[in-house]
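Notes follow the structure.
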Ligand code: ASP
């Protein structure tokens, strides 16, 4: 039964070596008490509806129907939906729908889910479901419903959304975004045979080799209980997996009545509830620095870390934590961001900053601002209030006026310490003009950055700086460039960099770390170490980063880096020198 369709599938995959494997029938770890009914679209058969109604609790069921995948014109009205499900044996139905992700995060909006025994997610476009609900309370309530033994069913888009890595469209090249992650370690595809989607599922699984690809044909369903899947319906469910060795892919077909084990979700690394990392620039204090000097830097990092920690600990968002943490560092004259920024070649200060949201890949940045007290706040407003990503110079200043953010005279940023180091650098560079940035430059440390994973599973990153001492007027570094000094993607990691900005721009350092995780399936540690040690020059600087599971990394090739980290497992540490 298992191998019935595999010969025909392998023909379609000309050239690709396909290994047929017998389903492993060993019992998987029991991790989910509830049930899933995942339907490949097409006509809903009586058998599928009957099984869903039975799992939902029959006449006693309290069903929430989510029609959000439909287009605006075709959202059914609540009475029609109630009537439809009454005919199917479920009398108590509530319709839940919004396109507004803020609303989906409201306690009152998700109240029906807390009372439900079952949820049905209708078809349409899965990207509409993702845009409204991924990362919101709707998603966490669906997960809670499963934990308390409820059932979630969905057809077509309502099936695709059930995996964490979701195919949003595209064939044969899949467009991948995030789904609800109800069926861990899988990628679900639907209308599978009817729309010839084998190639896109193979591509998706190749990009995410630790996941099991599951292609479900129309009028066919997977009934999932206790990590075990059973096929019901007229056609087939095709399973694509990548073995440890990487090749050949294993593809097998399951027909009506077949059962197979799903990936053990306990094999997924436990995600920390939250994690936060802060940096205060590459470099370190002098070996002979006084205890007071060292303490002042440590206190600066501690105050910032505590602020961000208090926000994520209380369930706040990663974006809010990043912004608030960086504001503290910008206001502290020790750091090269906001007050205490370095001098440029004309004896003034030009500040750069950016922030990025890993949930949406939205970002905001400002470059070369001269009167904005907290550039990170203005960067956030570029993201939230405009359709742009980066505003520079006079335009950014004008935007600051429109937004009524706190303004200061340029001299506000000056400190004696920075003036002295500017004088030293000017003297040195007057004797020996610099045409290429030296990697062995004495560290004008103090750029700041922060990366956060919040309790909703969202990553964010931000960076703020005065740039390099004696930089040319108008020079923009890596800190406000998404992909160079700052990057966040919920599917991989959040990164903030510090060091010789030109090098970080050339090597798109922050984005490259994320891409190695995505395309090579490397860990955060492997990816960050490769980029810092193999792609950059020794002495170029460093990064702080956190991945989607809350793993924290800092990697640097400068002589030390000001850095601090905290997480929900109780970690709280602050480091300055090269100590491990
Ligand atoms: N990366 C910053 C820049 O080049 C400086 C630093 O991190 O110290 O503007």
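The values are calculated or read from the model by the stated rules, or taken from the named source; none is laboratory data. The model shown is predicted, which means the values in this text are computed figures rather than measured ones. Reconstructed Cβ throughout: ideal geometry from the backbone, glycine too, with neighbour counts over all protein chains shown.
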Region 471-490 - residue that is surrounded by 24 or more Cβ atoms within 10 Å (Cβ to Cβ) and within 13 Å of the ligand (Cβ to nearest atom) and, of those, farthest from residue 535 (Cα to Cα): 480
Of all residues in region 138-152 being without any contact (Cβ under 8 Å) to a residue 40 or more places away in the chain and surrounded by fewer than 18 Cβ atoms within 10 Å (Cβ to Cβ), the one that is farthest from the chain's Cα centre (by Cα): 144
Pair list, Cβ under 6 Å, 6 or more apart: region 474-501 residue more than 27 Å from residue 134 (Cβ to Cβ) and part of a loop (DSSP other than H, G, I, E, B), other residue modelled with pLDDT under 95 and more than 9 Å from the ligand (Cβ to nearest atom): 500/540
Test set (1) surrounded by 20 or more Cβ atoms within 10 Å (Cβ to Cβ); (2) part of a helix (DSSP H, G or I); (3) modelled with pLDDT under 95 - residue 135 fails condition number: (2)
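Quick one: in region 557-566, of everything that is more than 11 Å from the ligand (Cβ to nearest atom) and at pLDDT below 95, which residue is surrounded by the most Cβ atoms within 10 Å (Cβ to Cβ)? Full working, then the answer.
Our first condition is that a residue be more than 11 Å from the ligand (Cβ to nearest atom); within region 557-566, this holds for 557, 559-560, 563-566.
Next, from what is left, pick out any that are at pLDDT below 95: 557, 559-560.
Working: 557: 17, 559: 15, 560: 19.
Ranking the qualifying residues of region 557-566, first place goes to 560.
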Scan of region 307-322 for residues that are part of a helix (DSSP H, G or I) and either crowded, with 20+ Cβ neighbours inside 10 Å or touching a residue at least 60 places away in the same chain (Cβ under 8 Å) (or both), ordered by number: 308, 309, 311, 312, 313, 318, 319, 321, 322
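Conditions tested, residue by residue: (1) at pLDDT below 95; (2) surrounded by fewer than 24 Cβ atoms within 10 Å (Cβ to Cβ); (3) in a loop (DSSP other than H, G, I, E, B); (4) within 13 Å of the ligand (Cβ to nearest atom).
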{"residue": "420", "(1), (2), (3), (4)": "yes, yes, no, no"}
{"residue": "427", "(1), (2), (3), (4)": "yes, yes, no, no"}
{"residue": "434", "(1), (2), (3), (4)": "yes, yes, yes, no"}
{"residue": "445", "(1), (2), (3), (4)": "yes, no, yes, yes"}
{"residue": "460", "(1), (2), (3), (4)": "no, no, no, no"}
Matching residues, region 153-175, being surrounded by fewer than 20 Cβ atoms within 10 Å (Cβ to Cβ) and in a strand (DSSP E or B): 169, 175
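Would you be able to say whether some residue in region 284-293 is touching a residue at least 60 places away in the same chain (Cβ under 8 Å) and within 16 Å of the ligand (Cβ to nearest atom)? Walk me through it before giving the result.
First pass over region 284-293, keeping only residues touching a residue at least 60 places away in the same chain (Cβ under 8 Å): 284-285.
If we keep only those that are within 16 Å of the ligand (Cβ to nearest atom) too, we end up with 284-285.
Yes, some residue in region 284-293 is touching a residue at least 60 places away in the same chain (Cβ under 8 Å) and within 16 Å of the ligand (Cβ to nearest atom).
Within region 529-549, work out how many residues are crowded, with 18+ Cβ neighbours inside 10 Å and within 16 Å of the ligand (Cβ to nearest atom).
10
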Which listed residue is touching a helix residue (DSSP H, G or I) at 6+ places or on another chain (Cβ under 8 Å) and either farther than 22 Å from residue 452 by Cβ or assigned to a strand (DSSP E or B) (or both), from 528, 545: 545
Test result for residue 468, within 15 Å of the ligand (Cβ to nearest atom), surrounded by 14 or more Cβ atoms within 10 Å (Cβ to Cβ) and modelled with pLDDT under 95: yes
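Out of 325, 346, 360, which single residue is more than 27 Å from residue 178 (Cα to Cα), assigned to a loop (DSSP other than H, G, I, E, B) and away from the ligand (no atom under 16 Å from the Cβ)?
Numbers: 325 fails: assigned to a loop (DSSP other than H, G, I, E, B); 360 fails: more than 27 Å from residue 178 (Cα to Cα).
Of the residues listed, the single one that is more than 27 Å from residue 178 (Cα to Cα), assigned to a loop (DSSP other than H, G, I, E, B) and away from the ligand (no atom under 16 Å from the Cβ) is 346.
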Qualifying positions in region 83-132 - touching a strand residue (DSSP E or B) at 6+ places or on another chain (Cβ under 8 Å), under 21 Å from residue 59 (Cα atoms) and assigned to a loop (DSSP other than H, G, I, E, B): 90, 96, 116, 117, 122
Members of region 491-511 found to be away from the ligand (no atom under 15 Å from the Cβ) and either crowded, with 24+ Cβ neighbours inside 10 Å or over 28 Å from residue 184 (Cβ atoms) (or both), listed by number: 492, 493, 494
